[in-house]
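Colleague: Below: one structure in structure tokens.
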Amino acid sequence: MNSPLINIHSHSFDENNLTIFQGEIGLLNKWFSLGIHPCDADSPEPLKNFLNQLNLPNCLALGEIGLDKLKGPHLKTQIQVFEKQIELSEKLNLPVIIHCVKAWNELKIIKRQLKPTQPWVFHGFSKANILEDVLSQGLFVSFGEAIIRNPKLLAASTHVPLEKLFFETDDSNVSIETIYSEFAKAKQITLQELKEIQFNNFKRVFKKWKSG
Ligand SMILES: [Zn+2]
């Protein structure tokens with residue numbers, strides 16, 4: 001199989017590439033991730049409704065979940081809901097898509113306490129100043145359109161070990177092709193090399209994925 005372009009987090013469908021759609025998809029035959037976003041984390045109650053869907057063979061990850069200091073309920077509540085979902089990801093063997101806004105220190109403490117075995121992918125990564133620390137805690141990082149408009153971030157992204165890296169479009173209009181190309185240029189590797197590395201990372205982390 002040729003290495004496809006992989007978009008690990010998108011709020012819209014993309015028929016041309018291997019994409020993890022974020023959200024409920026009903027019975028559609030698509031890859032998806034699902035979880036209680038910290039901004040909706042008023043109570044862990046909806047978790048029960050998700051269980052069936054998380055067990056579907058096309059659900060590749062639990063997410064986006066995490067902490068957000070700018071939006072959503074009180075941080076204490078967000079932490080409770082987050083920890084419940086981490087427990088679930090361990091039980092179901094699902095990797096986690098992390099949403100983290102101004103709460104890296106809190107998240108780091110939780111990771112150290114819970115010592116999860118499932119991979120955590122810090123999505124929409126945009127803060128070059130915490131990059132080294134995030135990597136030192138064993139997380140994967142996923143970059144989106146921010147690397148196109150932020151040269152400092154793009155430069156920082158080239159220092160991430162290639163096996164710890166992902167790309168995504170999230171809710172932007174920039175295509176995943178453009179994001180791959182910008183990175184490949186900055187990293188001075190070919191698009192084909194990058195695609196192969198990404199496909200290997202994808203298979204290593206999102207283990208429920210099957211081709212065909
Ligand atoms: Zn998103």
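Colleague: Please state which of the following conditions GLU90 fails to meet, knowing it meets all the rest: (1) within 16 Å of the ligand (Cβ to nearest atom); (2) without any contact (Cβ under 8 Å) to a residue 60 or more places away in the chain.
Modeller: Among (1) within 16 Å of the ligand (Cβ to nearest atom); (2) without any contact (Cβ under 8 Å) to a residue 60 or more places away in the chain, GLU90 violates only (1).
Colleague: Still on this structure: Return the residues of the range 139-169 that are without any contact (Cβ under 8 Å) to a residue 60 or more places away in the chain, of a type in the set (D, E, K, R) and within 16 Å of the ligand (Cβ to nearest atom); say none if nothing qualifies.
Modeller: If the condition is that a residue be without any contact (Cβ under 8 Å) to a residue 60 or more places away in the chain, of a type in the set (D, E, K, R) and within 16 Å of the ligand (Cβ to nearest atom), then GLU145 is the only one that fits.
Colleague: All but one of (1) in contact with a Pro (Cβ under 8 Å, 6 or more places away or on another chain); (2) crowded, with 19+ Cβ neighbours inside 10 Å hold for ASP42; state the number of the condition that does not hold.
Modeller: Only one criterion is unmet by ASP42, namely (2).
Colleague: Let me spell it out: the conditions are (1) of a type in the set (Val, Ile, Thr); (2) farther than 28 Å from LEU114 by Cβ; (3) part of a strand (DSSP E or B), and THR178 meets all of them except one. Which number is the exception?
Modeller: Exception for THR178: condition (3).
Colleague: Given the criteria free of Cβ contacts under 8 Å to residues at least 60 places away in the same chain and assigned to a strand (DSSP E or B), does LEU51 qualify?
Modeller: Here the answer is no, as LEU51 does not meet what is asked.
Colleague: Also, quick follow-up: Among LEU5, LEU27, which is at pLDDT below 95 and of a type in the set (A, V, I, L, M, F, W, C)? Can you show your working first?
Modeller: Working: LEU5 fails: at pLDDT below 95.
Testing whether each residue is at pLDDT below 95 and of a type in the set (A, V, I, L, M, F, W, C) leaves just LEU27.
Colleague: Considering PHE166, PHE202, which residue is in contact with a strand residue (DSSP E or B) (Cβ under 6 Å, 6 or more places away or on another chain), on the phi < 0 side of the Ramachandran plot and part of a strand (DSSP E or B)? Please lay out each step first, then the result.
Modeller: Numbers: PHE202 fails: part of a strand (DSSP E or B).
Only one candidate passes the filter, namely PHE166.
Colleague: Test GLU132 against the criterion of being among the acidic types (Asp, Glu) and within 16 Å of the ligand (Cβ to nearest atom), and give yes or no. Steps first, answer last, please.
Modeller: Details: among the acidic types (Asp, Glu): yes; within 16 Å of the ligand (Cβ to nearest atom): no.
So GLU132 fails the test.
Colleague: Output the qualifying pairs, or none if there are none: Cβ atoms under 6 angstrom, residues six or more apart or on different chains, first residue in the range 1-28 and in a loop (DSSP other than H, G, I, E, B) and away from the ligand (no atom under 15 Å from the Cβ), second residue at pLDDT 85 or above and of a type in the set (Asp, Glu).
Modeller: Final answer for the pair search is SER3/GLU196.
Colleague: Just the residues that are hydrophobic (A, V, I, L, M, F, W, C), assigned to a loop (DSSP other than H, G, I, E, B) and surrounded by fewer than 19 Cβ atoms within 10 Å (Cβ to Cβ), please, taken from the range 62-108. Give the derivation first.
Modeller: Going through the range 62-108, the residues hydrophobic (A, V, I, L, M, F, W, C) turn out to be 62, 65, 67, 70, 75, 79, 81-82, 86, 88, 92, 94, 96-98, 100-101, 103-104, 107.
Restricting the remaining residues to those that are assigned to a loop (DSSP other than H, G, I, E, B) gives 70, 94, 103.
If the condition is that a residue be hydrophobic (A, V, I, L, M, F, W, C), assigned to a loop (DSSP other than H, G, I, E, B) and surrounded by fewer than 19 Cβ atoms within 10 Å (Cβ to Cβ), then LEU70 is the only one that fits.
Colleague: Would you mind telling me which numbered condition in (1) within 15 Å of the ligand (Cβ to nearest atom); (2) touching a strand residue (DSSP E or B) at 6+ places or on another chain (Cβ under 6 Å) SER172 fails?
Modeller: Only one criterion is unmet by SER172, namely (2).
The values are calculated or read from the model by the stated rules, or taken from the named source; none is laboratory data. Bear in mind the structure is a predicted one, so any value in this text is a computation, not a measurement. Backbone-built Cβ (ideal geometry, glycine too); neighbour counts: all protein chains shown.
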